[in-house]
Every structure is written in C-alpha cells, then in structure tokens.
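Heads up: the structure comes next, in structure tokens.
The values are calculated or read from the model by the stated rules, or taken from the named source; none is laboratory data. Just so you know, these numbers come straight off a predicted model, no measurement behind them. As a convention, Cβ positions derive from the backbone with ideal geometry for all residues, glycine included, and neighbour counts pool all protein chains shown. In case anyone asks, the SASA skips ligands and DNA or RNA and just uses the protein heavy atoms, side chains included. Shrake-Rupley method; radii C 1.70, N 1.55, O 1.52, S 1.80 Å.
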Amino acid sequence: MQPHVHFCLVLHNHQPVGNFDGVFEQAYQDSYLPFLDVFEPYEHLRISLHTSGPLAEWLDLKHPEYLDRVAALVAAGRIEIVGGPFYEPILTMIPSRDRIGQIRTYGKWLQDRLGAEVRGQWTPERVWEPSLVSDLAAAGIEYTILDDFHFKAAGLSEDDLVGYFLSEDDGETVRIFPGSEQLRYYIPFAEPQKTIDWLRWNAERTPGFVAVFGDDGEKFGTWPDTKAHVYERGWLRQFLDALTENRDWLHTVRLGEAADKTAPAGKIYLPDCSYREMTEWSLPVAKQIEYDRVTHDVQDDPRWSSMKRFVRGGFWRNFKVKYPETNEMYARMMQVSKRVDRLRREGASASAMENAARELYRGQCNCSYWHGAFGGIYLPHLRNAVFNHLIAADNLMDQATGRTQPFVDITSGDFDFDGRQEIMLSSNRLSAYLAPARGGLMYELDARTICHNLGATMTRRPESYHQKVLAGAHQGDEAVASIHDRVVFKQEGLDQRLQYDSTPRKSLVDRFFATDASHAAVRDNTTPDLGDFVLAPFEAKIRRNPDRVQAWMTRDGQVAGRDVRLHKAATLEAGSSRLEIAYKLEGLAPDDSFCLAVEFNFAGLPSGADDRWFYSGQKLRQGRLDTQLDLADERTLGLVDEWLGIDVRLTANRSTGFWTYPIETVSQSEGGFELVHQSVCVMPHWIVRADAQGAWTVALYLDVDTTLAESRMNDLVAETVAT
C-alpha cells in the first residue's frame with residue numbers, strides 16, 4: 001500500500017463565561033481572526049473547528065462577519081464544526097440530563113447559525129469517564145477526541161494508536177479518536193518539518209494511519225510569545241505550506257471524513273482520565289510535589305519510556321476536595337439543576353424553564369472549578385460569573401412560579417454533600433448559607449437583586465508551584481515555550497507575599513484573642529486564637545414566623561482554658577436586604593477579659609480603585625478597599641463598590657473596633673505567577689467583660705444595599721422602552 005496518512009487538525013477555541021470583554025477581543029485579534037486569515041487561501045486543506053458556546057455567542061454579537069466566513073467555509077466543505085456541551089462544562093461534573101441538554105442545545109445553535117451538521121464533539125478538558133458514552137450517543141454524538149494518554153492508561157501502546165476506537169456503554173457506542181501528545185508539543189513550538197517527519201514516519205510504518213492534533217486555538221497567537229512566533233515570524237504559513245507540499249501522501253481531513261473513510265482500529269473501554277497534566281494538577285499538593293520528584297528522578301532511566309504509560313496522577317473529581325471552593329460552586333450548581341428538573345416535571349412554563357436552564361448551563365462552565373497552569377479557581381471574575389448565572393437561574397424560577405412578592409424562607413439540608421446539615425435563609429433580596437457543623441460560619445451571601453455572591457472567597461493555601469516562587473526561578477531562554485514549561489513572574493517580591501490561612505476565608509468566623517492583640521498580628525496570623533470555636537460544631541435550631549426566620553446556633557467551648565457558651569443567631573425578614581446577627585456569651589467569670597473578633601470576608605469587591613472605598617459613620621471615607629484600617633470606637637463600617645452598584649454596611653449596637661486588610665493569593669496563570677486580590681477581610685472586635693449575670697452581648701446588622709445598581713437597571717429599561 002502506498003504510504004499515506006490521514007491528518008486531522010482540530011482546533012479548540014474557547015473563552016470562559018465571565019471573562020473580560022477585552023480578553024475576548026484580544027484573543028480574537030491575536031488568534032482566531034489571524035488564523036482564519038492565513039488558513040482561508042489554502043483551498044486544499046481541511047480542518048475541524050470547535051468554538052465553545054460562550055465564545056460563539058460573543059463572536060455572534062461582536063464579530064458576526066467572522067462567523068459568516070466560517071459558515072462559508074463549512075458550506076465549502078473545508079471546515080467541519082465540532083460541537084459539544086454549550087458552555088464547556090466538565091461533563092463528569094454535571095448530571096446526565098444536563099450533559100444531554102447542553103450538547104443538544106448547542107448542536108441546534110450551530111446548525112441555525114453556521115449551517116453545520118454536528119456529528120462530533122469536543123470533550124472539555126478531555127475529562128472522561130466510561131459512562132459518558134451512552135450520554136453522548138443519546139445527544140446524537142457519533143465521535144469525540146481524547147488524548148493518547150487515555151488509551152495508554154487503558155493498556156495500549158504507541159504502536160496500537162493507528163486510528164480511532166469504538167467504545168460502548170449500556171449498549172450504546174461512540175467512536176473515540178486519540179489525540180497525539182507528541183503533536184501537541186510540536187505544534188506550534190517546533191519547526192514544521194518535525195511534524196512532517198513524524199507524520200511521514202507513521203505513514204511508512206502504518207499506511208492509512210490516522211493522526212489527530214487536537215488542542216487550544218489560543219496556542220496560535222494568544223499564549224505568551226506565540227503571536228510573534230506563529231504570525232510575524234511566519235510559523236503558520238510555513239506549516240500550512242508544508243502540509244500543501246506533501247499532500248500527495250499527507251491528506252488533511254476532517255474528523256467526520258476520517259470516521260467515514262477508515263475502519264475502527266479496535267474496541268476500547270477507557271478509564272476515568274484526562275490529559276496528563278490535568279491528572280497531576282488534581283493530586284493533593286504534597287502528592288503532586290512527590291509525583292514531580294519521582295518522575296523527575298526516573299526520567300533518565302532507560303526503562304522510563306516503557307514505564308511512563310503506567311504512571312498517572314489523580315482523578316478530576318477530587319478538585320472538589322482539593323479546593324472546597326470548587327465544591328461550594330458545584331453544590332450550588334446541583335441545587336439549581338435539581339430545581340430546574342423538578343419544575344420542568346411539574347409543568348412550569350417551557351419558555352421560562354428554557355431561560356432558567358440556559359443560566360444554569362452558563363453556571364456550569366468548567367474554568368473556575370479547577371486549577372493548573374491557568375488561573376482557574378483563583379480568578380475571582382470567573383467564580384463571580386458562575387454564581388451570577390446560578391443566582392439568575394433561581395430568580396427566573398421564582399418568577400416562573402409566581403413568587404414575585406416579598407417573601408422569606410428557611411430550609412436545612414446537606415447542601416454541600418459533606419454528610420452534615422447546612423441552613424439557608426432566603427428572601428427575595430438576600431440569601432445566606434450557614435454551616436453549623438463548621439463553626440456556624442456563613443459560606444455564601446447572595447445579593448439576589450444583582451446576582452452577586454459576596455461569599456465567593458478564596459482561602460490562601462500552599463500550591464506545588466510555590467516552590468518555584470520561593471526559589472525565585474526565572475526563565476532566561478527567549479525560545480517560545482509551551483505554557484506548561486514557562487516560569488514568569490508578573491510582579492516582583494512574590495516570595496514575600498506568600499501567606500497561608502489556617503481556616504477558611506468565610507464570614508461569621510469567631511475568633512478570640514488577648515486584649516493586646518494588634519491589627520498586624522491578626523493580619524499575619526501570628527497571634528494565637530484563645531478559643532476553640534473556629535470550625536467546631538454548633539447545635540442549631542430553626543425558627544419560623546410568616547415574615548421572619550432565624551437560625552440559632554449554640555456551642556459550649558473554651559476561651560483561654562475557661563468554659564464558655566456561645567450563642568449566635570442570624571435573622572432575616574421578608575423582602576429584606578438586612579441580615580441581623582446576634583452574639584451572646586454566657587458563663588463568663590467577673591475577671592475574664594479577652595477580645596472577640598468576628599471575621600467577615602467579602603468577595604467580588606476589587607481593591608486598588610478609587611470607586612471602591614470604605615466609609616465609617618456618616619459616609620466618612622476611609623480609603624480604598626485595599627486599605628488596612630485599624631479603627632476604634634466606631635459603630636459602622638461600610639464598603640462601597642460604585643461600579644457594581646453595591647453598599648455593604650456593618651452596624652453594631654455598641655462601640656466597636658474594626659480591622660480590615662486585603663486577602664491576596666500568589667497564583668499561576670498562563671501569563672505567569674501573579675498576585676490576585678480575592679476578598680476584603682473585615683473584623684469587628686470588642687473587649688469582652690461580663691455583666692452581673694456573667695454574660696456579654698452584641699448585635700450586628702449587615703445591610704446589602706443595591707439601590708445604585710437597581711436604579712441603573714431601571715434607567716436602562718426605561719431607555720430601552722423609549723427607543
């Protein structure tokens with residue numbers, strides 16, 4: 001047989017839900033548009049293209065001419081559109097009903113907008129579990145792409161991977177193409193001839209070989225230094241020229257053509273897996289460091305090439321363990337998904353539920369649910385976007401069920417799947433989630449009127465790459481490197497900014513300090529907590545009245561070795577944006593004297609901007625939200641974000657001190673290591689001295705005022721109606 005190869009070039013273009021408009025635009029100008037400009041004249045070349053739903057919607061709004069050009073290439077048979085779940089969720093993270101719903105919804109969108117017959121799909125982050133086969137088949141998907149790493153984890157060797165394989169679940173089948181890790185590292189970082197030589201070698205070894213490159217389109221211009229390399233220095237033209245010059249034996253084909261023209265290479269049942277780097281990132285930090293050390297130590301062993309296919313890291317779902325913040329988003333998403341499903345089955349308006357489901361699907365976008373070489377969960381705007389859409393879905397379902405008047409409700413259940421009960425207080429304006437078994441802390445606080453979760457915080461914790469930060473590593477080589485190999489510091493002195501939290505950065509966290517505890521010592525976590533209440537279990541009771549609900553939590557603990565009973569209650573009224581918080585300490589001795597500090601952390605209120613500021617008293621400005629305040633004898637402290645249109649105010653019924661400081665993480669993104677503002681810590685505190693009954697009390701009022709944002713929305717509606 002004449003040596004030849006079928007080469008499937010599959011691009012995956014994606015921007016996450018909630019990413020900044022400027023990032024979309026920059027990626028468009030640096031990657032998506034120039035790639036199309038260069039590719040279009042090469043009439044003999046064929047590619048497969050996956051554009052994620054969030055990006056496709058943005059392109060349709062901002063650059064419809066781009067999609068028109070793509071549609072013309074689809075009609076000409078030069079581009080195959082690869083579908084998938086609409087808003088790029090990790091499929092194993094969402095219920096089967098949502099997997100099928102997302103895939104079908106996006107397939108229809110692509111058909112309507114691009115005239116595409118969608119047969120194949122991109123599997124987000126190549127996260128795979130065997131049961132996905134039946135769901136893909138149910139959604140009308142015939143084939144997908146995973147990494148050759150998946151196939152090697154199932155016991156196959158490089159020599160076995162000569163084409164696609166058939167996989168089955170529950171009597172349904174799907175074809176799966178192995179994407180080459182070697183090609184992922186060659187393209188576009190190595191000279192084009194390396195790819196040609198690799199393809200020729202495989203063509204001669206196995207005539208009819210099917211080679212698949214499937215990876216991020218952002219590698220072609222958006223990743224650091226790649227724009228100059230790919231376009232200005234001409235790598236892409238050279239690559240496409242090389243494909244054209246060798247087309248007598250190197251046939252560029254679409255995935256669908258390869259599926260139709262070639263027979264399966266065999267049958268396979270793939271284990272749970274993802275691409276190699278993802279399995280490493282999902283490991284606990286200590287094990288990730290050990291994994292790196294072990295694999296580094298053996299990489300020069302002559303046996304390593306045969307051993308490494310048996311070595312892999314962890315399981316994607318354990319990101320929900322590694323990052324409790326991931327589990328919080330996941331649990332909230334599941335709560336919304338179950339409600340959408342229930343209301344559909346109960347016969348709620350189909351159009352209303354379609355809108356709610358679309359918001360749910362947007363809240364399932366994967367990027368903020370994990371972390372590796374990209375910012376992921378460390379990017380506040382991505383976490384905020386997830387909650388924004390999930391809260392919006394709940395609001396839409398309230399409207400669909402006629403729940404439009406002021407109301408209040410309180411429910412309990414194992415909302416976060418930890419085997420313990422949580423409590424949700426909710427009105428039409430505010431929702432608060434409490435965890436009695438974890439110190440009675442508040443882990444979510446939703447301003448429902450603007451769909452913003454003030455509790456979407458991030459705890460500072462060790463990461464394996466912090467070793468590089470502490471070593472002050474830098475990369476002097478000017479060659480273009482894969483994003484997985486770059487070491488770049490976006491700010492100086494990051495090694496001095498590493499700090500880790502001993503407890504979650506949430507709210508209603510009860511801390512007890514010596515009376516001389518200083519702002520700096522508390523900020524730097526160098527003063528001991530004299531109590532044992534943080535994360536300890538509280539007993540909880542729920543109280544209901546028609547227009548008022550309360551969660552009452554109690555715990556017997558110790559402060560400085562003395563027995564103390566702590567009560568705290570959270571109360572919410574119908575139609576209210578105020579959460580009333582009451583504290584009572586009992587069993588105090590006359591000579592007891594210590595500091596009680598109640599920690600709050602507010603997320604989504606960025607620092608370093610003049611339109612985000614603190615105030616005390618009668619709106620007396622106290623500096624921007626990154627200001628480290630040490631105020632005494634105050635009753636009120638507020639945080640204003642003019643851009644968001646929110647005013648968050650804490651008011652106490654007795655004289656109060658306030659400590660504030662920003663919470664910042666040193667995290668890794670595609671651009672390098674950077675300092676990221678995560679939340680504003682606010683700690684009202686008091687010197688506790690017992691009254692005649694051995695008790696001490698304080699009441700706090702947490703007001704979440706979104707009047708400014710609501711007035712803007714009303715003005716926008718009025719303007720829209722007028723035009």
With axes computed from alpha carbons, what is the tilt in degrees of helix 285-298 against the longest principal axis of the chain, rounded to the nearest 10 within 0 to 90?
30
Rolling a 1.4 Å sphere over the protein heavy atoms, what is the accessible area per residue of the stretch 193-248, to the nearest Å²?
42
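Which value at 222 nm does the chain reach when only helices count, each DSSP H run of 4 or more adding -39,500 (n - 2.57), with the total divided by all residues and rounded to the nearest 500 deg cm²/dmol?
Per the formula, -9000 deg cm²/dmol.
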Quick one: if you stick a label point 7 Å off each Cα along the C-beta vector at residue 471 and residue 305, how many nm between them?
2.7
In nm, the gap between the two label points placed 7 Å beyond Cα toward Cβ at residue 635 and residue 687 is 2.1
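Determine the alpha carbon to alpha carbon distance for each of 194/468; 62/320; 219/490 and list only those over 28 Å.
194/468; 62/320, as the Cα separations exceed 28 Å there.
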If you take the square roots of the eigenvalues of the alpha-carbon gyration tensor of the stretch 1-114 and sort them as a ≥ b ≥ c, do you get rounded (a/c under 1.5), prolate (a/b over b/c) or oblate?
oblate
For the stretch 48-100 the mean separation of alpha carbon contacts under 8 Å (6+ apart) over residue count, i.e. relative contact order in percent, is 47
Any idea what Rg and Dmax come out to for the stretch 515-607 if you just take the C-alpha atoms, in Å?
16.2, 46
Compute the helix-to-body angle for 380-400: its Cα long axis versus the longest principal axis of the chain, expressed 0 to 90° and rounded to tens.
80
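Quick check on the stretch 417-465: take the gyration tensor over C-alpha atoms, sort the square-rooted eigenvalues as a ≥ b ≥ c, and tell me if it's rounded (a/c under 1.5), prolate or oblate.
Numbers: a/c = 3.08, a/b = 1.35, b/c = 2.29.
Oblate is the answer for the stretch 417-465, as a/c is 1.5 or above yet b/c matches or exceeds a/b.
Taking the solvent-accessible surface of protein heavy atoms with a 1.4 Å probe, what is the per residue accessible area of the stretch 327-471 in Å²?
Normalised by residue count, the accessible surface of the stretch 327-471 is 31 Å².
Quick one: length gained pulling residue 514 to residue 244 fully straight, 0.36 nm per residue minus the C-alpha distance? Don't skip to the answer; put the middle values down first.
On the way: separation 270, 0.36 × 270 = 97.20 nm, distance 7.52 nm.
Full extension from residue 514 to residue 244 adds 89.7 nm.
Going by average Cβ neighbours within 10 Å, how do the peptides 80-89, 578-587 rank, with the highest at the top?
Result, highest mean Cβ count within 10 Å first: 80-89, 578-587.
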Can you work out the base-10 log of I(q)/I(0) for the stretch 270-398 at q = 0.17, 0.20 1/Å, using the Debye formula on its C-alpha atoms alone?
-0.89, -1.07
Just the accessible area per residue of the stretch 1-149, please: how many Å² with a 1.4 Å probe?
31
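So what's the net charge close to residue 215: Lys and Arg +1, Asp and Glu -1, counting the other residues with Cβ under 14 Å from its Cβ?
Computed value for this residue: -4.
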Select from the stretch 334-432 those GluC sites (Glu not before Pro) which occupy a DSSP coil region and have at most 12 other Cβ atoms within 10 Å, ordered by residue number.
346
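Normalized C-alpha radius of gyration of the stretch 624-723, against 2.2 N^0.38 Å?
Numbers: Rg = 19.5 Å, N = 100, 2.2 N^0.38 = 12.7 Å.
In units of the 2.2 N^0.38 Å rule of thumb, it is 1.54.
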Can you pull the one-decimal nm distance between simple spin-label points at residue 405 and residue 294, each 7 Å off the Cα toward Cβ?
6.3
Mind listing the phi-derived Karplus ³J(HN,Hα) values for the stretch 128-142, rounded to whole Hz, using 6.51, -1.76 and 1.60 with θ = phi - 60°, and x for any glycine or proline?
10, 9, x, 5, 5, 3, 5, 5, 4, 4, 5, 8, x, 8, 9
Determine, for each peptide in 321-333, 148-160, the mean count of other beta carbons within 10 angstrom over its residues, then list the peptides with the highest first.
321-333, 148-160
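Please tell me the relative contact order of the chain in percent, rounded to the nearest whole number, where contacts are Cα pairs under 8 Å and at least six residues apart. Let's see the in-between values first.
On the way: 1539 pairs, mean separation 78.3, N = 723.
Relative contact order, the chain: 11 percent.
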Neighbourhood net charge (10 Å Cβ-Cβ; Lys/Arg +1, Asp/Glu -1) for residue 139:
+1
Which of rounded, prolate or oblate describes the chain when judged by the alpha-carbon gyration tensor and an a/c cut-off of 1.5?
prolate
Can you work out the FRET efficiency for the pair residue 197 and residue 712, with r the C-beta to C-beta distance and R0 = 51 Å, to the nearest 0.05?
0.30
Which peptide among 213-220, 130-137 comes first, and what is the full order, when sorted by highest mean count of other Cβ atoms within 10 Å?
213-220, 130-137
When the accessible area of the stretch 72-171 is computed with all protein chains present and a 1.4 Å probe, what percentage of it is carbon and sulfur?
46
Expressed as a percent, the accessible surface of the stretch 294-398 that is carbon or sulfur, using a 1.4 Å probe and the full set of protein chains, is 51
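Can you give the net charge of the other residues whose Cβ lies under 9 Å from the Cβ of residue 643, counting K and R as +1 and D and E as -1?
Details: positive: 612; negative: 611, 641, 642.
Local charge sum for residue 643: -2.
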With Cα atoms, 0 to 90° folded angle of helix 64-75 axis to the chain main axis
40
